[in-house]
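Taking it in order: structure first as structure tokens, then the write-up.
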Amino acid sequence: MAIWQVEFSKQAYKTYQKLNKGYQRKIDRVLTWLINKEKVDIKSVEGEDDIYRLRIGKYRVLIKFQKDEKVILVTKIGLRGDIYKK
């Protein structure tokens with residue numbers, strides 16, 4: 001059984017590093033739950049193909065599954081009101 005890996009886009013990683021340690025740990029925990037197929041608050045983003053959002057407190061984490069490579073790509077991290085703006 002192949003194990004999923006988590007990768008961050010450059011923009012998402014910069015945002016992640018700026019978050020306080022508490023939110024970093026929460027994001028790490030939710031991504032671990034996702035890899036282990038535990039229940040997480042995940043929904044598809046309307047109007048986007050293969051983009052999903054994870055709700056983590058006041059933040060949203062946008063992810064994309066790259067199934068052929070077994071990679072979960074974190075594309076964007078941001079506040080609830082700002083995350084969906086392009």
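The values are calculated or read from the model by the stated rules, or taken from the named source; none is laboratory data. Every value quoted in this text rests on a predicted model; they were computed, and no experiment measured them. With ideal geometry, Cβ positions are generated from the backbone for all residues, glycine too; neighbour counts draw on all protein chains shown. SASA here: full protein model, heavy atoms, side chains in, ligands and nucleic acids out. Shrake-Rupley method; radii C 1.70, N 1.55, O 1.52, S 1.80 Å.
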Open item on the list: Which of Ile27, Ile63, Ile35 ends up with the largest GNM mean-square fluctuation for the chain, with Cα atoms connected below 10 Å?
Closed with: Ile35
Task: Spin-label model distance (nm) - Asn20 vs Asp50, 7 Å beyond Cα toward Cβ - done: 3.7 nm
Task: In Hz, Karplus ³J(HN,Hα) per residue of region 56-73 (6.51, -1.76, 1.60; θ = phi - 60°; x = Gly, Pro) - done: 9, x, 7, 9, 10, 10, 8, 10, 9, 8, 10, 5, 5, 9, 6, 10, 9, 9
- [ ] With θ set to phi - 60°, apply the Karplus curve 6.51 cos²θ - 1.76 cosθ + 1.60 along region 34-41 and write out the HN-Hα couplings as whole Hz, x wherever there is a Gly or Pro.
- [x] 4, 4, 7, 6, 8, 6, 9, 7
Task: Accessible area in square angstrom per residue, the chain, 1.4 angstrom probe - done: 72 Å²
- [ ] Using amide H atoms built 1.01 Å from N in the peptide plane, name the residues 5+ places from Phe8, or on other chains, whose amide H lies under 5 Å from its own.
- [x] Val74
Task: Additional length obtainable on full extension of the chain from Arg80 to Ser9, 0.36 nm per residue less Cα span - done: 23.7 nm
Open item on the list: At q = 0.10, 0.13, 0.26 Å⁻¹, what log₁₀ I(q)/I(0) does the chain have when each alpha carbon counts as one equal point scatterer in the Debye sum?
Closed with: -0.22, -0.38, -1.61
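Within the set of other residues whose C-beta is less than 9 Å from the C-beta of Val61, count the net charge using Lys and Arg as +1 and Asp and Glu as -1.
Working: positive: Arg53, Arg55, Arg60, Lys76; negative: none.
That works out to +4.
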TODO: Could you pull out every residue, at least 5 positions away or on a different chain, whose amide H is within less than 5 Å of the one on Val71? Hs are placed 1.01 Å off N in the peptide plane, and Pro or chain starts have none.
DONE: Gln5, Gln66
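Using 0.36 nm per residue, how much length does the chain from Asp68 to Ile42 gain when fully extended, once their Cα-Cα distance is taken away?
Once the chain is fully extended between Asp68 and Ile42, it gains 7.3 nm.
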